[in-house]
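These notes are about the structure you will find just below.
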Amino acid sequence: MTSPQLPRCNLVHLAAGAAALFALSSAAEAQTWPTRPVTMVVAFAAGSGDDVFARIVTPRLSELLGQQVIIENIGGAGGMTGTARVARAAPDGYQFALGGTGTFAANQTLYKNPLYNAATDFTPVALVAEQPMLLIVRKELPVNNLAEFIGYAKSNHDRMQFGSGGPGSATHLACMLLNSAIGIEVTHVPYRAAAQATQDLIGGRIDYVCPIASTAIPHVDSGRVKALAILKSRSPILPNLATAQEQGLAGFEAFFWDGFFLPKGTPAAIVKRLHDATVGVMETPSVAGKLKEIGAEFVTPDRRSPEYLQKFVEREIEKWAGPIKASGLTIE
């Protein structure tokens, strides 16, 4: 005996009703988000510049959201492994990426087959901060300022090595940009993390690294490495260290930026909630003070909107494409 079939029009009405209920349910969930802990994916190892930054901002962000923000470090492929996980995550707001120069700009050109499209596979939330980078060298290297380094490197580049936290990492990109500005080619030694590169620099096994300032300051202060230049503007954490531009490298800047990104298709109510909480963190004096201690600064209010971050990412991808293509470097 066959079961009676509903008329086609009834099936259509049922399907439409189910879709409407789902939409209402999703909208209600968006309005009450978050109802459980939220994961911030940091695409580099614990102790990296990204990780240091994340651990400064997440306690206050947790307070403002009313739920704990959990940091999950997922490294690999120049930060693309962790970032790609967010791109594939459900657009429910419970995972978001801490993105930056490498993961949302340079890797789009550096890698032959990037794991995502940084400009189209995410929902931008806010550009948050900028962190200066340094040029540090092993203490035995016979140079004491940028001019001496340039002279030495031009004469000895074929015997020199620089280290980084891996292809596409901020430390790799900054040194690559510096080498291009100087007009030298130097052997790149990639490590699993920038901290490992710095340890080999301390041990004298490589010649220089271009780290995020926050990770290098303890080693500079202890005298285990020499800082030759800050690669953006002067910083209160190293007030006597001149910039690359002040030392004759006209127009040169290398800095790392941090922004928050949700999966594509995240409801606008969730984007606004996370954005507003992020701005709340940026307007908390105690958090801003902690950032200044590592040389970082929150961006100005006119640069904090999701729309600004979208355009900023597009410009950054274009900015890094030129020097990467000129270097001939491509990673499979």
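Descriptive notes on the structure:
- Of everything in the range 299-329 that is among the β-branched types (V, I, T) and open to solvent by less than 40 Å² (accessible area, probe 1.4 Å), the residue that is farthest from T284 (Cα to Cα) is I324.
Residue-wise test of (1) modelled with pLDDT under 95; (2) in contact with a helix residue (DSSP H, G or I) (Cβ under 6 Å, 6 or more places away or on another chain); (3) closer than 25 Å to I202 by Cβ.
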| site | (1), (2), (3) |
| --- | --- |
| R88 | no, no, no |
| P91 | no, no, no |
| F96 | no, no, no |
| K112 | yes, no, no |
| Y116 | no, yes, no |
| D121 | no, yes, no |
| V125 | no, yes, no |
| L141 | no, no, yes |
| G163 | no, yes, yes |
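- Checked against the criteria, V271 does not count as aliphatic (A, V, I, L, M), under 27 Å from A118 (Cα atoms), touching a Lys or Arg at 6+ places or on another chain (Cβ under 8 Å) and not in a strand (DSSP E or B).
- Pair list, Cβ under 7 Å, 6 or more apart: the range 42-61 residue under 16 Å from Q95 (Cβ atoms), other residue open to solvent by 40 Å² or more (accessible area, probe 1.4 Å) and of a type in the set (G, A, S): A43/G75
- Members of the range 194-246 that are surrounded by 23 or more Cβ atoms within 10 Å (Cβ to Cβ), in a helix (DSSP H, G or I) and modelled with pLDDT of 90 or more: A197, T198, L201, A216
- Scanning the range 1-60 for residues that are out of contact with any strand residue (DSSP E or B) (no Cβ under 8 Å at 6 or more places or on another chain), of a type in the set (G, A, S) and modelled with pLDDT of 65 or more yields A30, G47.
- Check on V287, modelled with pLDDT of 95 or more and under 30 Å from A77 (Cα atoms): no
- Residues of the range 108-156 classified as assigned to a helix (DSSP H, G or I) and touching a strand residue (DSSP E or B) at 6+ places or on another chain (Cβ under 9 Å), total: 5
The values are calculated or read from the model by the stated rules, or taken from the named source; none is laboratory data. Just so we're clear, the structure is a prediction, and the values are computed from it rather than from any experiment. All Cβ positions, glycine included, derive from the backbone under ideal geometry; neighbour counts span all protein chains shown. Note: areas computed on protein heavy atoms with side chains; ligands, DNA, RNA excluded. Shrake-Rupley method; radii C 1.70, N 1.55, O 1.52, S 1.80 Å.
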